[in-house]
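Since the structure comes first, as C-alpha cells, the remarks are kept for the end.
Derivation of every value follows stated rules applied to the coordinates shown; laboratory data play no part. What you see is a predicted model; the values in this text were computed from it and never measured. Using ideal geometry, Cβ is built from the backbone for each residue, glycine included, and neighbour counts are taken over all protein chains shown.
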Amino acid sequence: MNTAIALEALLTLPRGLVLTLALTFAALAAGFVISIPLAFLRASSNPWASAPVLAYTYAFRGTPLLVQLFLIYYGIGQLPLVRQSFLWTVMREPFWCAFIAFTLNSTAHTTEVLRGGIQAVPRGQVEAAKALGLSGYHTARLIVFPLSIRIALPAYVNEVIGMLKASSLASTITLLEITGLARQLVSETFAPYEVFIVAGALYLLLTLLITQAFQILEMYWARPSKQPNANATGIKERMPKPAFAPTKLGAEPDLRNTTVKPNDERIIS
Amino acid sequence: MKRTFLLALCALVICANNLGAMDRKTLTIASEGASPPWNAINAEGELAGFDIDVARDLCRRMNVECTFVPQDWDGIIPALTVGKFDAIISGMAITEKRKKSIAFSRPYAGGFNQLVIRKDVNLPPTDTAIKLNLTNIDTPKQAVIDQLRAALTGKNLGVLRSSNSEAVLNELFGKVATIRSYDSQDSMHLDLVAERIDGGLADYFTWKAFLDSKDGGIAMLYGPQLSGGLWGPGVGVGLRKDDRELLAAFDSAIDDATRDGTLKRLSEQWFQIDISPHASN
C-alpha cells in the first residue's frame, strides 16, 4: 500500500463526484416519473395495458446495462439516419447517451418495484375508496399511490444504490466520473489497489448517505399512518380527559368554559 | 486434511514461481490483441501479428514453450506484476515511467505516432512525411508544435487509455483541445467515424490499418511523425523486475534475432518497412 498514491487518489477522485451524482440522480428522477404510469399499466388486469409494459421491463431487466449502454452509444452512432437528424446533437454527447441508457434501465426496475407496491395495497382500502365515490384516477392518486410507495420504499432503495454503482459503467464511454478518474489514475500510476480502494470507499460513503436519507424518509412516512390507526383502535377510550369528555353521546365537548373565556371577557369589556 | 492439501498446493505454486528462468520450460505471454498490425485477434479467435511472430521466434531461440493470452491494455502492467503472465509483448514502448513498475528487454522494434484528423474538419494542410523527435524540443520543433496547437484548438481528440500517446496528447494539446480516452483503438475508430471526435493520436501502423479499411476513408494523417520524448527508445518486452534471468534470455534472443535479420524480415512482412532496432541504430 503506497500512501502517497492513496492520498493522490483521495484528492483526485472527488472531482468525479459531481458527474457520478448527476448521472445517478438524473436517471433515477426521470426513471421514477416515467415508471409511475407504467407501474399502473403493468398492475392493470387488462392484458393490452400490461403486456407491452411487461415486454419492456423484461427486455431491460433481462439484459446487462453495459450491453444497453454500448448499443445506445456505439450502436446508434452507426446509423446515418440518426447522425443526420436533430437527435445527433444529443446522442453525440456521451453524457446524454449514458443518461438515456441509465434512465431506460432504471425505469424498468422501478416499474416492477412500484407494481409490487400497487398490488400489495390491501383490497379493502381500494373498495373503501370506491364506496366513498372516488373516481378511478382519484383512487389511484389519493389512496393506491401513497400506500404503494410506502410499501415499495425498501425495495426502491436497492434500486437507488444499484444505480449509483451502475453509474461507474459510464467510464466505458469516456466519461470521467469517479471510476473514470480512477482508471485514468491507475493508468498513470500502475497502482490499482490504492486507487480502487479509495474509489470503493467513496461509493461506500455515498451508499451510507443514501441509506440514511431513505431511513429518515421511511420513519417520517411511517408516523402519520399510525395515528388514525391508533384512534380507530380505541386509544381515545384509554386516555379520557375529564374536562373535554363529552357528557352525552354525540354531544360536543364544552370548550367554551375553559379556553374561550378570555375572549368572552374581552367582548364584555 | 483439506488444510494439508492447501498447504501442499501453496508450496507447489511457490516452488514453481521460484524456478529460474532458464529452468523454465513454459512461458505465458500477454498481448492486447487490438492494435493491428502489431497484435490482433484473427478470424480463428487467436492472437496474431508482428508481436506474436516476434514472440514465437524469441521463444524458439530461448527453447521454451509459449502460450499467449489476450489482455486489455488498461491493466496489462498490474496484471504482469501480480503474476497473471510472465511477459508483455504488445508493442509496448520502453518509458521511464513504466520502468518504475516493470523491467524492459532491449528494444525489438522502433515505431512512431501520428495524429489523424477527419477530412471534413478542414484543417490547414501539413507535411505528414517529416519526423519530429520530442526528446529535445528546440525552437524550430516548438514552432511546429505551436502550429499544430493552433490548428487543433477547440477540437475533440481521442486516444488510447493508459498509452504514452495519452500522456503526450495531454501534455501537448490538453489545454486547447478536449481529450477523450478510449479502452481500445476500435472504440476510438467507431467514434471517429461517428464524428464524436475530430481526430486522435496513436501508433502510425495502427492508424494505417484503419485508414486503409472501408471506414478509414473519412480520415487522414495529420502533422509530423512523432517519436522520442515520453515514447522512449522503442518497443520492448515487458517483464517483472525480479525476473532477471528471463530478462537476460530475452535480451540475447533479441540480439540474435536482430543480427540474423529475422526482425527486419518480420517488420517488412507486417509493416512493409523496416522498423527493426538494426534500422534505427
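The table below lists the values:
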item	result
In the range B:147-176, trypsin sites (Lys or Arg not before Pro) in a DSSP loop with at most 13 other beta-carbon atoms within 10 Å	B:Lys175
Net length gained if the chain between A:Gln119 and A:Leu11 were fully extended (0.36 nm per residue, minus Cα distance)	34.2 nm
Shape category assigned to the range A:3-243 from the gyration tensor of Cα positions, a/c cut at 1.5	oblate
Spin-label proximity, B:Val144 to the range B:210-237 - amide N less than 20 Å from point 7 Å beyond Cα toward beta carbon	B:220-235
Long pairs among B:Lys25/B:Lys99; B:Lys84/B:Lys241; B:Lys119/B:Lys155, criterion Cα-Cα beyond 20 Å	B:Lys25/B:Lys99
From phi via Karplus (6.51, -1.76, 1.60), per-residue ³J(HN,Hα) for the range A:149-158 in Hz, x at Gly/Pro	5, 5, 5, 7, 3, x, 5, 5, 4, 4
Net lengthening on full extension, A:Ser85/A:Gln215 (0.36 nm per residue, minus Cα-Cα)	42.3 nm
222 nm mean residue ellipticity, helices alone, for chain B (DSSP H n ≥ 4; -39,500 (n - 2.57); rounded to 500)	-11500 deg cm²/dmol
Reachable aspartates and glutamates from B:Lys100, criterion Cα separation under 13 angstrom, eight or more residues apart if same chain	A:Glu188, B:Asp242
FRET efficiency estimate (nearest 0.05) - Cβ-Cβ, A:Ile197 to A:Ser135, R0 56 angstrom	0.50
Per-residue ³J(HN,Hα) for the range B:174-182, Karplus 6.51 cos²θ - 1.76 cosθ + 1.60, θ = phi - 60°, Hz, x for Gly and Pro	x, 7, 9, 10, 8, 9, 10, 9, 10
Potential extension, A:Ala128-A:Lys165 segment - 0.36 nm per residue separation minus Cα distance	9.2 nm
Efficiency of FRET from Cβ geometry, A:Thr3 and A:Thr207, R₀ 30 Å, rounded to 0.05	0.75
Dipole moment magnitude, nearest 20 debye, the range B:113-231 about Cα centre, only Lys, Arg, Asp, Glu C-beta charged	140
Computed magnitude of the charge dipole of chain B (debye, nearest 20; Cβ of K, R +1, Cβ of D, E -1)	660
Net dipole in debye of the protein assembly as shown [+1 Lys, Arg Cβ; -1 Asp, Glu Cβ; about Cα centre; nearest 20]	2260
Separation in nanometres of the label points that stand 7 Å from Cα toward Cβ, at B:Ser252 and B:Glu46	2.9
The range B:160-231 and the range A:1-58: distance between their alpha carbon centers, rounded to Å	32
Charge dipole (the range A:3-243, unit charges on Cβ, about Cα centre) - positive-most of A:Gln78, A:Leu134, A:Trp88	A:Leu134
Modelled FRET efficiency - R0 22 Å, A:Leu66 with B:Asp186, Cβ distances, 0.05 increments	0.85
Positive-end extreme of charge dipole, the protein assembly as shown - chosen from B:Gln269, B:Ser252, A:Gln119 (charges on Cβ)	A:Gln119
Compactness index (Cα Rg / 2.2 N^0.38 Å), the range B:113-231	0.96
Test item: A:185-197 mean partner chain Cβ contacts at 10 Å	4
